[in-house]
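Take a look at the structure below.
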Amino acid sequence: MVESNKMRLQKFLSQAGVCSRRKGEEYIAAGLVTVNGNTVTQLGSSIDIEKDEVKFQGEILTLQPQKSRIYIALNKPIGVIASCSHSYPNEKIVLDLIDINQRIYPVGRLDKDSSGLLLLTDDGELHNKLSHPSYNHEKEYIVTTVEPVSQSALKKMADGVMLDGKKTRRAQVEQLSRFKFKIILKQGLNRQIRRMVEKTGNQVKELIRVRIGVIKLDSLEVGKWRFLNKNEINELKISVD
């Protein structure tokens, strides 16, 4: 068998347009997939995409042509919602800022009152992996507070605070000035940083996300966007494999 013709069965189901890889695993375990007439229930099984006949619920599958995927970094302004749909009249969403015809989706959340780096893509598999809680990619923020931020407050946030009955994961925190600090999280609870700061008796004045994993905001202007380069895309994919 030629090595380059090998493909995991759940990946084949995904690329044939049947379902996601994760759903494919469920279909395989349920005995809904056959290879050369034999039911395969073993997860992780590989096939030869040129020689083997794969059926899902009795229907022969063929690979769909692989279209070029889109990966975008946006510097989201304050007041713009990280959503694909207009829930309320006159509200601006991130898709209003990106002038392309293809349908793309924001990865994760960045609340309306915050600005900074937001990733968008039409790669459903990567989107799901990046959005899943088990993916521990770092997200870095620069936070400006209303009152001076104390060392004890920074330590409290670094060690974790109670939100929704659970303690937040440990975070990397560094003071930048009396009213400003940097924080790196590996989770993304709703309005997490604002709520953490409130737990210390302070409030957030400005919140900017400057990095997601290997992708940095750098000099990208507010309201502007760019395509990720090949190295950035590869690094993102490697980080979730």
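The values are calculated or read from the model by the stated rules, or taken from the named source; none is laboratory data. For clarity, every value in this text was computed on a predicted model and none was experimentally measured. In this analysis, Cβ positions are derived from the backbone assuming ideal geometry, glycine residues included, and neighbour counts consider all displayed protein chains. These accessible areas exclude ligands, DNA and RNA; they are computed on the full protein's heavy atoms, side chains included. Shrake-Rupley method; radii C 1.70, N 1.55, O 1.52, S 1.80 Å.
Does the stretch 167-206 hold any residues that are of a type in the set (D, E, K, R) and not in a strand (DSSP E or B), and which are they? Residues satisfying the conditions are R169, R170, R178, K186, R191, R194, R195, E198, K199. Going through (1) charged (D, E, K, R); (2) out of contact with any Asp or Glu (no Cβ under 8 Å at 6 or more places or on another chain); (3) touching a residue at least 12 places away in the same chain (Cβ under 8 Å); (4) over 25 Å from I208 (Cβ atoms) one by one, K76 falls short only on (4).
Annotation note: Cβ proximity below 6 Å between a residue of the stretch 96-120 that is touching a residue at least 24 places away in the same chain (Cβ under 8 Å) and hydroxyl-bearing (S, T, Y) and a residue that is crowded, with 22+ Cβ neighbours inside 10 Å and in a strand (DSSP E or B) (sequence gap 6+ or interchain) occurs for S114/L207; S115/K76. Within the stretch 110-147, the set of residues being among the acidic types (D, E), buried (at least 17 other Cβ atoms within 10 Å of the Cβ) and farther than 15 Å from Q192 by Cβ comprises D122, D123, E125. Look at (1) more than 21 Å from E232 (Cα to Cα); (2) among the hydrophobic types (A, V, I, L, M, F, W, C); (3) modelled with pLDDT under 90 and you find that L95 fails only one, number (3). Only a single criterion out of (1) within 30 Å of L95 (Cβ to Cβ); (2) in contact (Cβ under 8 Å) with a residue 24 or more places away in the chain; (3) not hydroxyl-bearing (S, T, Y) is not satisfied by K23, namely (2).
Of (1) of a type in the set (V, I, T); (2) open to solvent by 90 Å² or more (accessible area, probe 1.4 Å); (3) touching an Asp or Glu at 6+ places or on another chain (Cβ under 7 Å), V222 satisfies all except one. Which? Among (1) of a type in the set (V, I, T); (2) open to solvent by 90 Å² or more (accessible area, probe 1.4 Å); (3) touching an Asp or Glu at 6+ places or on another chain (Cβ under 7 Å), the lone unmet condition for V222 is (3).
So, of the residues in the stretch 200-219 that are crowded, with 18+ Cβ neighbours inside 10 Å, over 17 Å from the mean Cα position of the chain (by Cα) and not aliphatic (A, V, I, L, M), which turns out to be nearest to G116 (Cα to Cα)? Checking each candidate, the answer is N202. The residues on offer are E91, E53, and the sole one that is loosely packed, with under 13 Cβ neighbours inside 10 Å, among the acidic types (D, E) and over 21 Å from the mean Cα position of the chain (by Cα) is E53. Every listed requirement among (1) open to solvent by less than 30 Å² (accessible area, probe 1.4 Å); (2) within 21 Å of the chain's Cα centre (by Cα) is met by Q15 save one, (1). Within the stretch 161-174, residues that are free of Cβ contacts under 8 Å to residues at least 12 places away in the same chain sit with their Cβ atoms under 6 Å from residues that are outside any strand (DSSP E or B) and open to solvent by less than 70 Å² (accessible area, probe 1.4 Å), at 6+ positions apart or across chains, in these pairs: K167/G160. Give me the residue from the stretch 27-38 that is loosely packed, with under 12 Cβ neighbours inside 10 Å and within 13 Å of K55 (Cα to Cα) and, out of that set, nearest to the chain's Cα centre (by Cα). Restricting to residues being loosely packed, with under 12 Cβ neighbours inside 10 Å and within 13 Å of K55 (Cα to Cα), the top hit is G31. Taking the stretch 175-195 as the range and being more than 20 Å from A73 (Cα to Cα), of a type outside the set (V, I, T) and in contact (Cβ under 8 Å) with a residue 40 or more places away in the chain as the test, the residues that pass are K182, N190, R191, R194.
Being in contact with a Gly (Cβ under 8 Å, 6 or more places away or on another chain) and either open to solvent by 90 Å² or more (accessible area, probe 1.4 Å) or not β-branched (V, I, T) (or both) is the filter here; which residues of the stretch 148-199 pass it? Step through it out loud before you land on a result.
Here is the first cut: in the stretch 148-199, the ones in contact with a Gly (Cβ under 8 Å, 6 or more places away or on another chain) are 153, 167-171, 188.
Within the stretch 148-199, A153, K167, R169, R170, A171, G188 qualify.
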